[in-house]
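Structure first, then comments.
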Amino acid sequence: LSDIDLYVVADAAHTEAAFQVFEDALAGVARIAHTWRVEPPAFAGLAQRHYLLEPAPRYFAIECCVLPPDHAQQFLERERHGEPIVHFDRSGRVRALPIDRPALAARLARRFAQIRAAWPIYRLLVEKEILRGHALDAYGFYVNGLLRALIELAGMRHRPERFDFGWRYLHNDLPPDLQQALTQFAQVASTEDITRRLPQIDRSMTQLVEQIEARPAILERAALD
């Protein structure tokens, strides 16, 4: 069920040429059945494409990213991305780097404050849209406003270096009981289910906020470690 993620560091002026070299080489191995050029890019300076090959296993894909040297550091921080597997590097510059802890601490603290300020607003929007009979609106605010924020709070508590990874890797990074609770919150089939979940999700949010605030090192961790 794995795929291949390939990162190419090249000057921005050579982005298209790098993709062309890669696609020509790829076409020599298998037919490119589908290409997704990701727009807008998920990260600053990044050009990203996904490829499906024919024939290839059903769940296999190749992701190729091209980024200039001055944007490569964001993918080389050891605490967030681990050790890079380097296939070719003439310069010797592609190596794991320590995370920028002060920058991480500032970003985490800003997001923590934003979640706390936004929570009551999203909370009333969910209930308001349920009362209006707008199930899709209610579901959107519930998932994107409340559940997403709860997952980020869980990340701040249990994986502060990667708190902003969203739904990815939760199966590895969170304790089983919290994984189970988040799974139950996500599995709603109706607005009645959402209504039943709201008191529970409020309690989880309050508990996580209290745990984070009780350990100031979480909000300051990047500067302290």
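Only the coordinates and a few stated rules stand behind these numbers; no lab work does. From a predicted model like this one, the values you see are computed outputs, not experimental measurements. Note that each Cβ is placed from the backbone with ideal geometry, even for glycine, and that neighbours are counted across all protein chains shown.
Before moving on, here are some points about what is shown:
- DSSP beta bridge pairing in the chain, given as percent antiparallel to the nearest 5: 60 percent
- The dipole here belongs to the chain: it is taken about the Cα centre, uses +1 on the Cβ of Lys and Arg and -1 on the Cβ of Asp and Glu, and is about 500 debye.
- Between amide H atoms placed 1.01 Å from N, distances below 5 Å from GLU77 occur with LEU97, all of them 5 or more places distant or on a separate chain.
- Pairs of alpha carbons in the stretch 3-55 separated by more than 15 Å make up 51% of all such pairs.
- Diffusion constant of the chain at 37 °C, which comes from Stokes-Einstein with the Kirkwood Cα-pair radius and 0.692 mPa s, µm²/s: 162 µm²/s
- Residue-averaged 222 nm ellipticity for the chain, from DSSP H runs of 4+ at -39500 (n - 2.57), nearest 500: -16000 deg cm²/dmol
- Sequence-ordered 3J(HN,Hα) estimates for the stretch 32-41 from the Karplus curve with 6.51, -1.76 and 1.60 and θ = phi - 60° stand at 7, 8, 7, 10, 10, 8, 6, 9, x, x Hz, glycine and proline given as x.
- For the stretch 1-121, a simple Cβ point-charge model (Lys and Arg +1, Asp and Glu -1, everything else neutral) yields a dipole of about 600 debye relative to the Cα centre.
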